Amino acid sequence: MTSINFSSQRSPVYSRNGIVATSQPLATAAGLEVLAKGGNAADAAVAAGAALNVTEPAFSGIGGDMFALYFSADSKRVTALNGSGRAPSALTLDRLKTDGFASSIPPFHPYTVTVPGACAGWCDLIQKHGSLSMSEILAPAIRLASEGFPVAPITSYFWGRGVERQLKSALNGHELTIDGRGPRAGEIFRNLGLAKTFETIAEGGASAFYQGEIAESIVNVLKEAGGSLCVSLDDLASHTSTWEEPISVDYRGYRVYECPPNGQGITALIALNILEGFDLASLESLSVEKMHLMIESMRLAFADSSWYVTDPKFSNIPVNELLSKDYAIERRKLINTQSAVRNIKRGFPVSSSDTVYLSVADKFGNACSFINSNYMGFGTGIVPKGWGFTLQNRGHNFSLDPNHPNALAPRKRPYHTIIPAMVTRFTAKNAKNAKDSENFSGLSGSKESLYASYGVMGGFMQPQGHVQVLSALVDGGLDPQSALDLPRFCIGVEESGGRVAIEEGMPQETYSNLEKMGHPVYSVSGYERALFGRGQVIFRDLESGVLCGGSDPRADGCAMTLV
């Protein structure tokens with residue numbers, strides 16, 4: 001395998017007629033095709049998401065989960081869709097112990113499969129915000145799957161790794177290989193099983209996925225894989241996605257939205273609240289001072305979210321307290337500006353009671369921040385026979401500690417890493433009076449204007465990417481492409497004080513000084529730079545309404561516009 005140069009020479013994309021930004025050019029083209037038919041941001045997002053399932057199955061698919069934030073030009077509101085699935089009704093901690101899983105479940109075991117939420121999420125997003133039929137929306141993905149497509153180079157690399165890691169040993173994993181190997185760059189890959197899946201959904205909607213032949217195949221393959229406690233027909237038939245009030249914080253006059261728990265978007269918001277107390281705009285983008293403050297803020301945020309993020313139907317999560325400015329002040333005091341703090345612990349707020357990301361903005365003023373994932377690449381790698389998609393292993397994120405808020409329980413949603421983001425502006429110009437601006441409380445109101453639809457995919461990197469990219473936009477004044485091009489850091493969250501990966505391209509002086517300050521840093525280059533996420537950003541100019549998009553150089557994709 002030849003090495004690859006990740007240096008970006010891309011210019012930002014400007015448009016008045018809509019932008020689609022994804023990690024695959026063919027998926028971007030699928031979204032644009034739907035926009036050209038008169039579709040809106042929701043229609044194009046699902047079209048691109050389905051095309052990503054075809055062209056980048058090592059990261060995403062209909063056998064996984066999805067989340068979305070949608071900004072409506074008509075209502076000026078942001079809505080949040082939770083398209084994540086739940087644990088099987090038969091899977092309990094006691095039963096796991098009986099089966100010999102007292103402390104953990106192997107990452108690709110059938111017990112890690114939660115109900116796939118993506119299909120219901122796609123259909124619910126279109127029902128609420130879309131304007132086209134599912135047959136029109138899924139047409140580009142069906143064509144790509146049935147006729148075949150040339151595989152992109154970075155995708156080929158990670159597809160090959162997934163074959164060795166999961167598909168070779170997983171039931172029916174060969175359906176996503178060519179003679180037992182991953183497709184090479186430029187090689188044509190056809191997925192007739194996935195084309196059949198999408199055709200079935202286009203005709204019968206979500207019920208055609210959660211009931212009938214596809215559902216039966218999901219249950220049968222899991223039983224064959226060795227799990228009597230796995231997802232059942234009833235688990236599939238009873239699945240629902242949920243519309244929720246997004247959570248948000250004000251960051252220097254910008255309202256930053258995330259989906260609420262069970263997603264980890266709250267991690268980014270906690271960190272932004274802490275960072276707001278520092279003058280980051282006065283610091284160079286890649287200076288040791290700025291990197292240190294951001295790393296320490298992220299450590300504090302993860303210390304909280306790793307404990308508190310869970311399914312809110314099973315635990316009382318103190319969201320408002322965690323996101324309060326007063327709590328941020330107290331947590332900010334723990335940061336030593338001269339050295340790293342080791343063994344950061346979670347706070348105690350007083351309570352009152354592997355992945356694809358894409359962004360779409362249309363000519364009507366709507367925007368959709370959309371994310372879909374199998375987790376750990378191909379998920380379990382298990383394929384329902386003849387249907388061409390793998391089943392996720394999101395249940396691996398459950399804790400098996402019965403005292404942990406994120407402990408496994410029947411029909412519970414696990415801690416989720418995939419998170420989309422949306423940013424609005426609330427200024428005196430689009431407020432009726434100054435009092436409106438002062439009272440910007442954070443609820444999605446009638447006087448907000450779209451600023452950015454963005455996200456950075458990649459496990460626990462995602463909130464870290466959200467914070468670093470947003471700071472580049474707001475504090476650094478960079479355009480979307482330049483913000484995505486900047487080298488990043490990624491802290492390990494497995495334990496307090498975990499190692500800090502530093503991307504190739506970070507100034508050597510910054511790297512050396514972070515090490516001197518006590519950060520356990522190490523350098524990452526080449527294909528392993530996927531660790532730092534693969535983001536997409538679409539920005540809207542408040543005055544002219546012109547859109548500006550960027551796409552991460554760490555993936556094969558691009559941002560493109562309609563004529």
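Residues that are touching a His at 6+ places or on another chain (Cβ under 6 Å), buried (at least 18 other Cβ atoms within 10 Å of the Cβ) and not hydroxyl-bearing (Ser, Thr, Tyr) within the stretch 86-119 comprise just one, Val115.
The single condition from (1) in contact with a Gly (Cβ under 7 Å, 6 or more places away or on another chain); (2) of a type outside the set (A, V, I, L, M, F, W, C); (3) closer than 28 Å to Val500 by Cβ that Asp362 fails is (3).
Annotation for the stretch 22-39: at least one member residue is β-branched (Val, Ile, Thr), under 16 Å from Leu547 (Cβ atoms), within 20 Å of the chain's Cα centre (by Cα) and not in a loop (DSSP other than H, G, I, E, B). Filter the stretch 48-74 for residues that are among the hydroxyl-bearing types (Ser, Thr, Tyr) and assigned to a loop (DSSP other than H, G, I, E, B); which is surrounded by the fewest Cβ atoms within 10 Å (Cβ to Cβ)? Within the stretch 48-74, the match that is surrounded by the fewest Cβ atoms within 10 Å (Cβ to Cβ) is Ser72. Residues that are closer than 28 Å to Ser238 by Cα and in contact with a helix residue (DSSP H, G or I) (Cβ under 8 Å, 6 or more places away or on another chain) do occur in the stretch 69-80. Among the residues of this structure, Leu470 counts as one that is modelled with pLDDT of 95 or more, under 20 Å from Phe67 (Cβ atoms) and not aromatic (Phe, Trp, Tyr). Within the stretch 178-192, restricting attention to residues that are part of a loop (DSSP other than H, G, I, E, B) and farther than 13 Å from Thr155 by Cα, which residue is farthest from the chain's Cα centre (by Cα)? Here the residue is Asp179.
The set of residues in the stretch 502-520 that are modelled with pLDDT of 95 or more, closer than 13 Å to Arg488 by Cβ and either in a strand (DSSP E or B) or small (Gly, Ala, Ser) (or both) comprises Ile502, Glu503, Met506.
Residues checked against (1) in contact with a helix residue (DSSP H, G or I) (Cβ under 8 Å, 6 or more places away or on another chain); (2) exposed (fewer than 15 other Cβ atoms within 10 Å of the Cβ); (3) within 30 Å of Gln127 (Cβ to Cβ); (4) aliphatic (A, V, I, L, M):
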{"residue": "Gly182", "(1), (2), (3), (4)": "yes, no, no, no"}
{"residue": "Lys196", "(1), (2), (3), (4)": "no, no, yes, no"}
{"residue": "Ala206", "(1), (2), (3), (4)": "yes, no, yes, yes"}
{"residue": "Phe209", "(1), (2), (3), (4)": "yes, no, yes, no"}
{"residue": "Glu224", "(1), (2), (3), (4)": "no, yes, no, no"}
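Is it the case, given these coordinates, that Ile142 is in a helix (DSSP H, G or I) and at pLDDT below 95? So Ile142 fails the test.
Of note, Val537 does not satisfy the criterion of being among the β-branched types (Val, Ile, Thr) and farther than 18 Å from Gln9 by Cα.
For the stretch 140-155: of the residues being surrounded by 19 or more Cβ atoms within 10 Å (Cβ to Cβ) and under 23 Å from the mean Cα position of the chain (by Cα), which is nearest to Ala30 (Cα to Cα)? Result: Pro140.
Filtered by the rule that a residue be under 24 Å from Arg77 (Cβ atoms), part of a loop (DSSP other than H, G, I, E, B) and among the aliphatic types (A, V, I, L, M), the stretch 251-308 gives no residues. If you go through the stretch 75-129 and keep only what is within 30 Å of Ala452 (Cβ to Cβ) and assigned to a helix (DSSP H, G or I), you end up with Ala118, Cys119, Ala120, Gly121, Trp122, Cys123, Asp124, Leu125, Ile126, Gln127, Lys128, His129. Residue count for the stretch 454-484 satisfying the condition of being touching a Cys at 6+ places or on another chain (Cβ under 7 Å) and either under 10 Å from Gln536 (Cα atoms) or among the aliphatic types (A, V, I, L, M) (or both): 2. Candidates are the residues of the stretch 410-430 that are at pLDDT 95 or above and closer than 19 Å to Ser232 by Cβ; the one that is nearest to the chain's Cα centre (by Cα) is Arg413. Among residues of the stretch 305-316 that are under 18 Å from Ala268 (Cβ atoms), those with a Cβ under 6 angstrom from a residue that is part of a helix (DSSP H, G or I) and at pLDDT 90 or above, sequence gap 6+ or separate chain, pair up as Ser305/Ile266; Ser305/Thr267.
The values are calculated or read from the model by the stated rules, or taken from the named source; none is laboratory data. Keep in mind the model is a prediction, meaning the values are calculated, not measured. Virtual Cβ from ideal backbone geometry, glycine too; neighbours counted across all protein chains shown.
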